[in-house]
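Participant: Sharing a structure below in C-alpha cells format, with a few things to ask.
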Amino acid sequence: MAFWSLQNIEFEKFVLKDARHQVRLLRAFLAIIIGYFVANFFLTMGNLIITFSKSFQH
C-alpha cells in the first residue's frame, strides 16, 4: 500500500533528468521504510494491549 501511495508523488521534480530507474528505486526504498514503521507501530500496539489486558487479570 505504501508503494501504491507513493506513485502520486512526483519525485522527478527533485532529481536530475534521465533518472527514472533511481526514482523507482527511491520509491521502493521509501515504501519499505514506511511499511517497516507501520508494521512496527501495529506490533507495538498489539503488545501494549496484551500487556494491559494481562495486568488487569491479576
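Participant: In whole percent, and with a 1.4 Å probe on the protein chains, what portion of the accessible area of the chain is carbon and sulfur?
Facilitator: 69
Participant: Shifting gears a bit: Can you tell me the orientation of helix 20-57 relative to the chain, as the angle in degrees between its alpha-carbon axis and the longest Cα principal axis, to the nearest 10?
Facilitator: With both axes taken from Cα atoms, the answer is about 10 degrees.
Participant: To continue, here is another question. Starting from the range 1-57, pick out the chymotrypsin sites (Phe, Trp or Tyr not before Pro) whose DSSP state is loop and whose Cβ has at most 10 other Cβ atoms within 10 Å.
Facilitator: In loop regions of the range 1-57 (DSSP not H, G, I, E or B), the sparsely surrounded chymotrypsin sites (Phe, Trp or Tyr not before Pro) are Phe14.
Participant: I would also like to ask the following. Please calculate how many Å² of accessible area the chain carries per residue, with a 1.4 Å probe and no DNA, RNA or ligand atoms counted.
Facilitator: Per-residue accessible area for the chain comes out at 96 Å².
Participant: Let me ask something else about it. At 0.36 nm per residue, minus the direct Cα-Cα distance, what do Lys13 and Phe29 gain on full extension? Give it in nm, one decimal, please.
Facilitator: Separation in residues times 0.36 nm, less the Cα-Cα distance, equals 4.0 nm.
Participant: Using DSSP to define loop residues, name the trypsin sites (Lys or Arg not before Pro) in the chain whose beta-carbon has at most 10 other beta-carbon atoms within 10 Å.
Facilitator: Lys17
The values are calculated or read from the model by the stated rules, or taken from the named source; none is laboratory data. Computed from a prediction, not measured in an experiment: that's the story for all the values here. Note that we place each Cβ from the backbone using ideal geometry, even for glycine, and neighbour counts take in every protein chain shown. With ligands, DNA and RNA removed, areas are computed over all heavy atoms of the protein, side chains included. Shrake-Rupley method; radii C 1.70, N 1.55, O 1.52, S 1.80 Å.
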